[in-house]
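Laboratory data are not the source of any read-out in this text; all were calculated from the coordinates shown. Model, not experiment: these values are computed from the prediction. Cβ coordinates were reconstructed from backbone atoms using ideal geometry, including for glycine residues, and neighbour counts include every protein chain displayed.
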Amino acid sequence: MGQRSVSNSFWRGRVRAPKTLPQIPKTRRGVWLIIVIGGAVPKLPPRDAFVAVLSSGSRGNCAYVGDGRSGVLIDCGPSTKQILKRMNDVGLGDAPIDAVLVTHEHGDHAGAARVLCNRLKKDTGRDVPFFMTQGTAQALKSAMVPSCLETIAAGRAFRVGGLVVDPFSIPHDTADPVAFRVGIGQRWVGVITDLGRPTTLVSQKLASLSVAVLEFNHDVEMLLDGPYAWSVKQRIRSSHGHLSNAQSAAMLAESVGPHLEHLILAHLSGENNSPERALQEAAMALHSAGAANRVTLHLATQDTPLEPLGVGGAYN
Ligand SMILES: [Zn+2]
Ligand SMILES: [Zn+2]
């Protein structure tokens, strides 16, 4: 990968026409990766705004959100090499990384923090801040602690370039976990994974989103019948574990907002879920909410990055 531009002017000049938009199913990515419900055709965005889930699942989570001028990574679970390779693979090799937002200290979300921080400093010649709560920073294994760590607090939004970052609390078995929504123009993009139960706060944030990356971790039946030890099953099902398909679908049915254009199912368990079950539950939830005709459903996976999704409409 080449040097990242400090000024981003190179990237700004290269913001491409949305040739990757709208999302078109690609057979090499599997026919179930992208489902267009009700024949809805995503609108082309008047300005560039990208969301790319680079990796999703218990072996590493990372997503890129940006508008072509500013950009952030949300979580850095995969290796630095994988994160940068996947950005390159989906056409974001020169996209600016102005900050990395870390949701919590689990290795599948923070594993590369230290190495990635050093690599970004080398590539850009500056410190790229890694934002996380005080609790997450204190709980992070020393091998993961980035040299450019900055602490934040849930409920206190802040700016990264032209983006607004809004961290909010989620219930998970870590010190002080948050999810993030990122404001671009009039729209919000949110990544909501690793929570044991829906909460009123999460539902409110979900209702505001134009693009939602939402956990559909497990199918309860498959989890209970599956190979995990009982204690692990209990941890996953607990109110500080992970959302089941049914929990996410129920929250979605109640909280899908008027702006939602893309729903990306995320953090699926490889052992205790199937893409078909998750997609079916999500599709039924969108249908019951009367949103099936306007929301495009996608599935994020562990091994293959999703190409950037554009969000059309009110980017001013
Ligand atoms: Zn996780
Ligand atoms: Zn976790």
**Request:** Tell me which residues come under 5 Å, amide H to amide H, from ILE192 once H is placed; ignore anything under 5 positions away on its chain.
**Result:** VAL213, LEU214, GLU215
**Item:** Phi to ³J(HN,Hα) by Karplus 6.51 cos²θ - 1.76 cosθ + 1.60 over the stretch 116-127, Hz, x for Gly, Pro
**Value:** 5, 4, 5, 5, 5, 5, 5, 6, 9, x, 9, 7
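Restricting attention to the stretch 100-168, which trypsin sites (Lys or Arg not before Pro) occupy a DSSP loop and are surrounded by at most 13 other Cβ atoms within 10 Å?
Passing both the DSSP loop test and the Cβ count: ARG126, LYS141, ARG156.
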**Asked** Along the charge dipole of the stretch 231-316, which of GLY310, VAL295, GLN234 sits closest to the positive end, that is, farthest toward it, with unit charges on the beta carbon of Lys, Arg, Asp and Glu (+1, +1, -1, -1)?
**Response** GLN234
**Fill in**
Expected sort for 91-98, 106-113 on mean C-beta neighbours within 10 Å, highest first, is 106-113, 91-98
**Request:** Would you mind checking which residues have amide H under 5 Å from VAL165's amide H? H placed 1.01 Å from N; only 5 or more apart, or other chain.
**Result:** PHE158, ARG159, VAL160, GLY183
**Prompt:** Which pairs break 23 Å Cα to Cα here: LYS85/LYS121; LYS85/LYS205; LYS81/LYS205; LYS205/LYS233?
**Reply:** LYS85/LYS205; LYS81/LYS205; LYS205/LYS233
**Message:** In Å, what Kirkwood hydrodynamic radius results for the stretch 78-131 from the alpha-carbon pair distances?
**Reply:** 11.6
**Item:** Phi to ³J(HN,Hα) by Karplus 6.51 cos²θ - 1.76 cosθ + 1.60 over the stretch 273-279, Hz, x for Gly, Pro
**Value:** 7, 9, x, 5, 5, 5, 5
**Message:** Let's test this: bin the Cα-Cα distances of the stretch 49-309 at 5 Å from zero up to the farthest pair and state each bin's percent.
**Reply:** 1, 7, 14, 19, 21, 18, 12, 6, 2, 0, 0
**Complete:** Once phi for every residue in the stretch 82-90 is put through the Karplus expression 6.51 cos²θ - 1.76 cosθ + 1.60 (θ = phi - 60°), the whole-Hz ³J(HN,Hα) values, with Gly and Pro written as x, are 5, 4, 5, 4, 5, 4, 4, 4, 9
**Asked** Which percentage, to the nearest 5, of the DSSP beta bridges contained in the stretch 75-170 is antiparallel?
**Response** 35
